[in-house]
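Colleague: Okay, here's the structure, questions in a sec.
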Amino acid sequence: MEFWVRFWGVRGSIACPSASHVRYGGNTSCLEVCVDGRYIVLDAGTGIRNLGTSFLERGINKADLLLTHTHWDHINGFPFFTPAYAPDHHFHIHAGHLIDAGGVERVLAGQMARPTFPVPLSALQADMEFSDFRAGDTLEVAGATVKTAPLQHPDGATAYRIEAHGKAFCYVTDTEHVPGEPDETVLGLIDGADLVAYDSTYTDEEFPKHIGWGHSTWQEGVRLAKRAGVKRLAIFHHDPYHDDEFMDEVARQAAEEWDGAFVAKEGMKLDI
């Protein structure tokens, strides 16, 4: 029995390919989850390009892609996901926020339409399947039960709880909290989870300047995780202005605050 997660992109907003963003990584959101040899991809930020190369090297030709939402930093790696251009591959793309906006296939096709991108969605040679659901639905994906919940984010976003072998991994990004009012929807989704990756774009000190931007803080992530009985919290979706030295300090403070909290790094692989 195997159930693990690997971080291919941990950054929010925009990729940061610079010498000051090496230890934690500069690619935007993309995670790989494996359940008994079946694969789930969470988001298609720039990290999905390296994941695609890894899929080809490992001979993996089938996966489900669960999108939290379709802001650029979570989908702009999709046109560079090389396996999607390969015959004899199958990818099933799911989204929970686009039923009333024409569906996920229409949105991804729009991203790859001229004059903003030269290669259309129709050029993909893999067998592509697109499914829309409403956040709050429960799905069966790649042999796992996937519970979903709506998040507080401009244009909507979806959180995921992936359950297998009596374990649970939750992916909760992008979302904005109200100070002093724990998000009951998030608490219900992450209750008792073994690992939670949470939107920790800001610190509590920075947060007041970014109200309405749709993001949270690592301190709020710790508060929610402790309240919900979560075992481990991955601080995730790092602000592009938070370089390695800044993230080192976040890691230090988080470990002092709660020994279950740590900062997610690009390339990190964790058993659930």
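Colleague: For the range 153-209, how many residues are at positive phi and charged (D, E, K, R)?
Modeller: In the first step, residues of the range 153-209 are kept if they are at positive phi; the result is 155-156, 165-166, 180, 192.
Add one more test, that the residue is charged (D, E, K, R), and what stays is 155.
So the count comes out to 1.
Colleague: Among the numbered criteria (1) part of a strand (DSSP E or B); (2) touching a Cys at 6+ places or on another chain (Cβ under 8 Å); (3) without any contact (Cβ under 8 Å) to a residue 60 or more places away in the chain, which single criterion is violated by LEU189?
Modeller: (1)
Colleague: Does the range 1-35 hold any residues that are aliphatic (A, V, I, L, M) and at pLDDT below 95, and which are they? Even if it seems obvious, please write down each step before you answer.
Modeller: Of all residues in the range 1-35, those aliphatic (A, V, I, L, M) come to 1, 5, 10, 14-15, 19, 22, 31, 33, 35.
MET1, the sole residue that qualifies.
Colleague: Tell me yes or no: at least one residue of the range 242-259 is in contact with a helix residue (DSSP H, G or I) (Cβ under 8 Å, 6 or more places away or on another chain) and of a type in the set (Gly, Ala, Ser).
Modeller: yes
Colleague: Looking at the range 225-251, I want the residues that are of a type in the set (Gly, Ala, Ser) and have a partner that is in a helix (DSSP H, G or I) with Cβ atoms under 6 Å, at least 6 apart or on another chain. Which pairs are those?
Modeller: Partner pairs satisfying both residue conditions: ALA228/LEU187; ALA228/ILE190.
Colleague: Which members of the range 20-70 meet the condition of being over 12 Å from the mean Cα position of the chain (by Cα), of a type outside the set (S, T, N, Q) and assigned to a loop (DSSP other than H, G, I, E, B)?
Modeller: VAL22, ARG23, TYR24, GLY25, GLY26, ASP36, GLY37, GLY59, ILE60
Colleague: Report whether or not TYR241 is surrounded by 21 or more Cβ atoms within 10 Å (Cβ to Cβ), closer than 21 Å to GLY9 by Cα and of a type in the set (Phe, Trp, Tyr).
Modeller: Numbers: surrounded by 21 or more Cβ atoms within 10 Å (Cβ to Cβ): no; closer than 21 Å to GLY9 by Cα: yes; of a type in the set (Phe, Trp, Tyr): yes.
Considered against the rule, which asks whether it is surrounded by 21 or more Cβ atoms within 10 Å (Cβ to Cβ), closer than 21 Å to GLY9 by Cα and of a type in the set (Phe, Trp, Tyr), TYR241 comes out as no.
Colleague: Does GLU266 satisfy the condition of being in contact (Cβ under 8 Å) with a residue 12 or more places away in the chain, touching a His at 6+ places or on another chain (Cβ under 6 Å) and surrounded by 16 or more Cβ atoms within 10 Å (Cβ to Cβ)?
Modeller: Values: in contact (Cβ under 8 Å) with a residue 12 or more places away in the chain: yes; touching a His at 6+ places or on another chain (Cβ under 6 Å): no; surrounded by 16 or more Cβ atoms within 10 Å (Cβ to Cβ): yes.
No, not satisfied.
Colleague: Going by the conditions given, is ASP199 within 20 Å of ASN27 (Cα to Cα), among the charged types (D, E, K, R), buried (at least 23 other Cβ atoms within 10 Å of the Cβ) and in contact with a helix residue (DSSP H, G or I) (Cβ under 9 Å, 6 or more places away or on another chain)? Talk me through it step by step, then tell me what you get.
Modeller: Numbers: within 20 Å of ASN27 (Cα to Cα): yes; among the charged types (D, E, K, R): yes; buried (at least 23 other Cβ atoms within 10 Å of the Cβ): yes; in contact with a helix residue (DSSP H, G or I) (Cβ under 9 Å, 6 or more places away or on another chain): yes.
Answer is yes for this residue.
Colleague: Would you check if ARG252 is in contact with a Pro (Cβ under 8 Å, 6 or more places away or on another chain) and part of a helix (DSSP H, G or I)? Give the steps one after another, and end with the answer.
Modeller: Details: in contact with a Pro (Cβ under 8 Å, 6 or more places away or on another chain): no; part of a helix (DSSP H, G or I): yes.
Spelling it out, it is not the case that ARG252 is in contact with a Pro (Cβ under 8 Å, 6 or more places away or on another chain) and part of a helix (DSSP H, G or I).
Colleague: What about LEU42, is it crowded, with 24+ Cβ neighbours inside 10 Å and closer than 15 Å to THR173 by Cα? I'd like the intermediate steps shown before the answer.
Modeller: Working: crowded, with 24+ Cβ neighbours inside 10 Å: yes; closer than 15 Å to THR173 by Cα: yes.
It is true that LEU42 is crowded, with 24+ Cβ neighbours inside 10 Å and closer than 15 Å to THR173 by Cα.
Colleague: Given the structure, is ALA159 in contact with a helix residue (DSSP H, G or I) (Cβ under 8 Å, 6 or more places away or on another chain), hydrophobic (A, V, I, L, M, F, W, C) and in contact (Cβ under 8 Å) with a residue 60 or more places away in the chain?
Modeller: Working: in contact with a helix residue (DSSP H, G or I) (Cβ under 8 Å, 6 or more places away or on another chain): yes; hydrophobic (A, V, I, L, M, F, W, C): yes; in contact (Cβ under 8 Å) with a residue 60 or more places away in the chain: yes.
Yes.
Colleague: Wholly within the range 104-173, which strands (runs of 3 or more DSSP E) include no fewer than the required count, namely at least 3 residues that are crowded, with 18+ Cβ neighbours inside 10 Å and small (Gly, Ala, Ser)? Show your work before the answer.
Modeller: Numbers: elements: 127-132, 138-141, 144-151, 157-164, 167-172.
In the range 104-173, 157-164 are the strands (runs of 3 or more DSSP E) which contain 3 or more residues that are crowded, with 18+ Cβ neighbours inside 10 Å and small (Gly, Ala, Ser).
The values are calculated or read from the model by the stated rules, or taken from the named source; none is laboratory data. All figures in this text were calculated on a predicted structure; none of them were measured in a lab. We place every Cβ from the backbone using ideal geometry, glycine too, and count neighbours over all the protein chains shown.
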